[in-house]
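FYI, it's all coordinate maths here, none of it is from the lab. In this text the structure is predicted, and so the values were computed from the model without any measurement. Here the Cβ is made from the backbone with ideal geometry for all residues, glycine too, and neighbour counts use every protein chain on show.
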Amino acid sequence: MHKRLLHKDQIRAIAAVSLISATLLSVGFATTVNVTAQPGSMATLQNIPATYAVSIVPGAAQRESPYHYFPPAIAVPIHSTVAWFNNDFGQPHTVTSGIPGGSDVGTMFNSGLMPATANSFFQYRFDSPGDFAYHCIIHPWRVAAVSVSEALERGVNFELTSGTGPVWNFSKDFRTLLNFEPRTVPLDSTSPLAYNITIFKDGTAPENQVFSDTFVTAGEQLPIELVRGGNETITYGPDFSTTGAYHIQGPIFSENANYTIRSEISAINGRPPDTPIADDFSLQTIA
Ligand SMILES: [Cu+2]
């Protein structure tokens with residue numbers, strides 16, 4: 001059973017438009033901030049191609065809030081599209097590239113003012129590798145980041161791209177998004193594909209298995225994020241009602257281990273394939 005991220009918080013009443021100018025004035029940015037939408041796009045949920053959802057959390061406008069964006073730092077494969085949702089009721093926010101005060105603020109992407117209305121979101125596709133900081137122009141005291149990797153490994157049946165590559169350094173990244181793209185099964189976006197993901201630690205004998213579960217996509221590749229931490233291993237997703245990233249979070253990702261991640265297509269359109277479609281990929285973790 002996967003806990004489904006329903007984004008209930010996204011279902012919001014209509015924002016009070018007057019709050020927008022009031023908030024801007026209250027922090028003294030009204031005359032200096034460029035909030036015109038720049039690269040990237042605002043869109044409706046019906047045409048979202050994004051893989052990964054980041055939330056602007058309730059209370060983000062408060063300086064005491066531990067987070068403005070959650071997760072505050074992610075690592076994704078190149079060509080991933082990230083969508084930011086404004087879940088902070090009644091408060092406008094921005095998603096603006098760069099660090100506050102930097103000379104390149106907003107040149108890579110800039111949402112402009114995101115109203116806190118139902119399903120208000122901004123999306124951007126990361127097509128170059130690197131570490132990209134961003135912040136909210138209205139509340140510039142929390143800087144968040146997207147790390148983009150070109151790492152790619154080719155198996156017989158899958159191509160694996162990931163946010164960190166074959167070495168996941170916990171001291172830099174708390175989470176890493178993997179993307180399994182079948183090479184021998186056509187993706188038609190309609191025939192459901194069931195992926196069995198099994199994780200082994202320090203060996204591939206049965207006793208080394210630390211995780212196994214099935215994730216279904218609608219005839220798409222499988223984006224799945226590994227998240228370090230927590231007391232028990234949980235899975236959740238996908239980020240959008242039928243598409244986007246799944247997540248595996250748990251204490252199974254410990255320091256300095258050698259993991260094997262086995263991806264297998266266990267069903268195509270509800271039927272097991274005639275011959276096994278599976279690859280093993282190595283993932284080393286260092287602290
Ligand atoms: Cu903000």
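Below, the figures for the structure above:
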| item | result |
| --- | --- |
| Order of 172, 201 - criterion: other Cβ atoms within 10 Å of each residue's Cβ, fewest first | 172, 201 |
| Over region 151-286, relative contact order from alpha-carbon pairs under 8 Å, at least 6 apart, % | 27 |
| Sequence-separation-based contact order of region 71-159, relative, with Cα cut under 8 Å and 6+ spacing, percent | 37 |
| Chain lengthening between residue 280 and residue 103 when straightened (0.36 nm per residue, less Cα-Cα) | 59.3 nm |
| Using a Förster distance of 45 Å, the FRET efficiency for residue 141-residue 167 (Cβ separation, nearest 0.05) | 0.90 |
| Net lengthening on full extension, residue 63/residue 234 (0.36 nm per residue, minus Cα-Cα) | 58.5 nm |
| Chymotrypsin sites (Phe, Trp or Tyr not before Pro) within region 55-144: DSSP coil, no more than 11 neighbouring Cβ in 10 Å | 141 |
| Label-point gap, in nm, between residue 153 and residue 125 - each point 7 angstrom along Cα→Cβ | 2.6 |
